[in-house]
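See structure below.
The values are calculated or read from the model by the stated rules, or taken from the named source; none is laboratory data. These numbers were taken from a predicted model, which means no experiment stands behind them. Cβ atoms come from the backbone with ideal geometry, glycine included; neighbour counts cover every protein chain shown.
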Amino acid sequence: MLDQLEIMTSKLNLPEDVKARAVMIYTNAYKEHPVYGRPLIAFLVASIYAACKERKLPLTLDKITFITTQRYRTIRTEVRRAYWRINTILKLRIANLKAEDYIDTFCSTLKLSGKVKEAAKAIVKDIEKEGLTNGRKPTVVAATAIYIAAILEGEKRKQLTIASVANVSDLAMRQLLKKIFEYPKYKVKGVK
């Protein structure tokens, strides 16, 4: 199984320390509480996700599951359960990633400039001050900030493209955009 874990981490191009931590998480969880009746692959993927979160690598659980397994749709729920179980067994102290942590990754994937990255980070800080991010996924906040920043910097991208890269729904982005555009600072011509 550890060979499979090595293959999965290689597909994700993860640093060596994250690979080692994923192996440690998996072996410790398996020693503490063997995983009877659950797919082992789900625990492998969940271990990788836990290691990424500990090292503050902005990879979503869905993205890791999609890249590392061929049975994405059938195993997705099992991976979520496995992650919860590993967290419960090992009592991992994992801080949730913030929207700013995702901005660099998303902008790189979208081939946006450094100006857009900085503008998106500033937008995130502004909307956090206003309390508009409460109860929203950080990936939605990051995607929405990137969308606004790209428009303001003249590197416009389609909302659906950004939503796809961030693995969020465009509806969630539109709802946050509606709230943000109520503030005069972010009124942008031609954007609804």
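Please verify whether region 148-155 includes one or more residues that are surrounded by 14 or more Cβ atoms within 10 Å (Cβ to Cβ) and under 23 Å from Asn96 (Cα atoms). Can you show your working first?
Narrowing region 148-155 to residues surrounded by 14 or more Cβ atoms within 10 Å (Cβ to Cβ): 148-153, 155.
When the remaining residues are screened for being under 23 Å from Asn96 (Cα atoms), the result is none.
Within region 148-155, none of the residues are surrounded by 14 or more Cβ atoms within 10 Å (Cβ to Cβ) and under 23 Å from Asn96 (Cα atoms).
For region 165-181, does any single residue satisfy the condition of being among the small types (Gly, Ala, Ser), at pLDDT 90 or above, in a helix (DSSP H, G or I) and out of contact with any His (no Cβ under 6 Å at 6 or more places or on another chain)?
Initially, region 165-181 is screened for residues among the small types (Gly, Ala, Ser), giving 166, 169, 172.
Filter once more, keeping what is at pLDDT 90 or above: 166, 169, 172.
Filter once more, keeping what is in a helix (DSSP H, G or I): 166, 172.
Of the ones still in play, those that are also out of contact with any His (no Cβ under 6 Å at 6 or more places or on another chain) are 166, 172.
Yes, there is a match, as at least one residue in region 165-181 is among the small types (Gly, Ala, Ser), at pLDDT 90 or above, in a helix (DSSP H, G or I) and out of contact with any His (no Cβ under 6 Å at 6 or more places or on another chain).
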Does region 103-113 contain any residue that is exposed (fewer than 14 other Cβ atoms within 10 Å of the Cβ), under 24 Å from Lys158 (Cα atoms) and free of Cβ contacts under 8 Å to residues at least 12 places away in the same chain? yes
Among the residues of region 129-139, are any assigned by TED's automatic domain parsing to the domain that holds Met173, over 20 Å from Asp170 (Cα atoms) and not in a loop (DSSP other than H, G, I, E, B)? yes
State whether one or more residues within region 77-99 are out of contact with any Pro (no Cβ under 6 Å at 6 or more places or on another chain) and within 20 Å of Glu155 (Cα to Cα). no
